[in-house]
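To start, the structure under review is shown below, and the notes come after it.
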Amino acid sequence: MLKRYFRHFLKQRGFSEVNDVLYSLGYCQGDGCSFTASLDLSEVKALLPFVYSDDHTRATDRVKNLISLRNLGKVLETEEDLTVTISQSGNYVHENTMSFDWETPWGDAEGSADLYDDLVDRIEEYAKDTAKVMADVGYSIIEAFQQEEECTWSFKTDRYLFQLIETNEEACNTLVSDYDEDFFISLVESLIAGKSKITGLKAQVFDLTAVDIDNVSVEEPLEVIHLGGVEYSPGDRSYGGCRRELVGELISEIRGSTQQTQRQAA
């Protein structure tokens, strides 16, 4: 799931085609994101407005970028080929493990080497910033998934105890990855914005005539139903109606078992 969204994220940042996306997001020093790519001339041209942005507070920076962009545009119009390579090195994964280089069929690019060096320096700065932001995005997605098991609802009758438990749901192991592109992007961006969360649910019921109510956590439930990949709004303990549906299934299971027992006893 993360890798699929990261590819979309990179496209939005101007990197339309990447070879691989790497990430290590375990909240440890040295963790982060990186990516590799081999940018051809057309991809480099498409990236220019991002690396020579006019979105600067200082007028001098805007003017310098516009001049560089104009000069590069003229040179690249006459260039037959240019490849900018972004590679990964080392045992860690973060923005500073990315390496950058460029080449043309003529080696020194016939006098344009300084211009291309500056271009690659700009791409490096922009790509590393992109990888750093991508790591923050990744953590936001991970944190939108339930990490620990927690009982969030219970109901007791004279004979039965019903419980609904949020179960661990990992971002790297979810049905969300199989959604169509538009829905997938919409959902993930809702997770990033904190408007949605995803959890697994476990609904279970205990027969109070057969268990110790004071130690129910170590008792065997009478029936259990699991449901994974549940999207819901934070604070919504109905889980978009899933709680009622699961408890209803438990009640149906209990009734079916009771009727079967009665028939066997008759």
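The values are calculated or read from the model by the stated rules, or taken from the named source; none is laboratory data. No experiment lies behind these values; they were computed from the predicted model shown. Because the Cβ atoms are built from the backbone with ideal geometry, glycine has one as well, and the counts that use them run over all protein chains shown. Side chains included, ligands, DNA and RNA excluded: accessible areas come from the protein's heavy atoms. Shrake-Rupley method; radii C 1.70, N 1.55, O 1.52, S 1.80 Å.
Taking 8 Å as the Cα distance limit and 6 or more residues as the minimum spacing, I'd like the relative contact order of the chain as a percentage.
Computed value for the chain: 15 percent relative contact order.
For the chain, what does -39500 (n - 2.57) per DSSP helix run (n ≥ 4), summed and divided by total residues, give at 222 nm, in deg cm²/dmol to the nearest 500?
-14000 deg cm²/dmol
Along the charge dipole of the chain, which of Tyr239, Tyr126, Cys172 sits closest to the positive end, that is, farthest toward it, with unit charges on the beta carbon of Lys, Arg, Asp and Glu (+1, +1, -1, -1)?
Tyr239
Using the basic label-point model (7 angstrom from Cα toward the beta carbon), what is the Ala113 to Asp81 distance in nanometres?
Result for the modelled spin labels: 2.0 nm.
Cα axis of helix 242-265 to longest principal axis of the chain: angle in degrees, 0 to 90, nearest 10?
30
Expressed as an acute angle from 0 to 90° and rounded to the nearest 10, what is the orientation of the C-alpha long axis of helix 181-192 relative to the principal long axis of the chain?
80
Using alpha-carbon pairs under 8 Å, 6+ residues apart, how would you state the relative contact order of the range 142-266 in percent?
24
Averaged per residue, what accessible surface does the chain expose to a 1.4 Å probe, in Å²?
56
Between beta-carbons, use under 11 Å as the cut-off and find the net charge around Gly229, counting Lys and Arg +1, Asp and Glu -1.
Cβ neighbours under 11 Å give a net charge of -4.
For semi-axes √(5λ) of the Cα gyration tensor in Å, several values are listed as (i) 34, 19, 17; (ii) 32, 22, 18; (iii) 57, 16, 16; flag the one computed from this structure.
Checked against the structure: label (iii).
Label points 7 Å out from Cα along the Cβ direction at Lys45 and Asp178: separation in nm?
4.2
In degrees between 0 and 90, to the nearest 10, how far off the longest principal axis of the chain does helix 113-143 point, with axes built from Cα atoms?
10
Ignoring ligands and nucleic acids, what accessible area does Arg237 show with a 1.4 Å probe (Å², nearest 10)?
Accessible area of Arg237: about 100 Å².
At 7 Å along the Cα-to-beta-carbon direction for both Asn96 and Asp121, put a label point, then send me their distance in nm to one decimal.
About 1.9 nm, to one decimal.
Quote the charge dipole size of the chain about the Cα centre in Debye, to the nearest 20; the model charges only the Cβ of Lys and Arg (+1) and of Asp and Glu (-1).
Charge dipole, the chain, about its Cα centre: 1040 debye, nearest 20.
Rounded to the nearest 0.05, what FRET efficiency is calculated for Ser238 and Ser186 with R0 set to 30 Å and r the Cβ-Cβ distance?
Rounded to the nearest 0.05, the efficiency is 0.85.
Work out, step by step, the length gained on full extension between Glu231 and His8: first 0.36 nm times the residue separation, then minus their alpha carbon distance; give nm to one decimal.
Between Glu231 and His8, full extension yields an extra 78.2 nm.
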